[in-house]
Amino acid sequence: MPTPTRTTWSQIVNGFWDLRNFPNCISAIDGKHVKVQAPPNSGSNFLNYTVFLLALVDARYKFTVVDIESYGRNSDGGIFAHSKVGKYLETFVSIPEGTRLPGTLCFVPHFIVGDDAFPLKTYLMRPYPGSQSNGDNKKSIFNYRLSRARRVVENAFGILSQKFQIYQRTLQSLPENANNIIFATCVLHNYLRDQGVAQSDLGSSANVRNNLTKLPNQGGSAHQSAFEVGDKFKQFFNRPSGSVPWQNERVQCQVNP
């Protein structure tokens, strides 16, 4: 699983636009806890022991970046912020610079899409909360379009769970081996996708059974520029069919990456 380059990210962006009709998206993100059997004679130190799998997925259900870490009894708070992926994204290493939205003069950064478990960032778009989107048609349309793009990561975890039966039960492995086993399944998953495994095999979040549990919602404040990026996409997805919005409003719609 090679480290993505700017060329790789650009190809992924094209895939999300061509296949998911979502521009400027470099991946969808989600995380799962994998239950691991407590080692013999470990006492209370390994109660509720889990390995956390955080993944970025492209539009074709392939894992582009995975972060696999053992958290044992640690709480879920701050897992994303302290993960290697979270720190990597904060530096914008190898991520392409922002571009104009298709058919507009509106400049926005590239970003990943996630669900309510992740904080809102200029590089990480999440849906509007239900309290804001209920009764607001424009925000509901934005949430729907984002959900279509984000669903690829849920499907990728569903496929992983279906193909590798170790995810249907508690992983029978010593903690020091669990990370390698999980990473191997992610690499094999990508290999099977490259070999043309039928998309009829797709899973969904409903297919991910008890041994893959979701990351709970994370709190945290968001910078104003992150809200501005979301608002630009809300306008973009709600523009009249065939129109070119903001053609004479370059200054007003400019958002720094």
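Bear in mind that the values in this text are calculations on the coordinates, not laboratory data. Everything numeric here is computed off the predicted structure, so don't read it as measured data.
Points to keep in mind about this one:
- Subset of 32/121; 84/232; 62/234 violating a 25 Å alpha-carbon distance limit: 84/232; 62/234
- Cα-based reach from residue 163 at 16 Å (exclusive), listing aspartates and glutamates while leaving out same-chain residues under 8 positions away: 154, 194, 201
- Residue-wise HN-Hα coupling along segment 105-116, computed from phi with Karplus coefficients 6.51, -1.76, 1.60 (Hz; x: Gly, Pro): 9, 8, 8, 9, x, 7, 7, 9, 10, x, 9, 5
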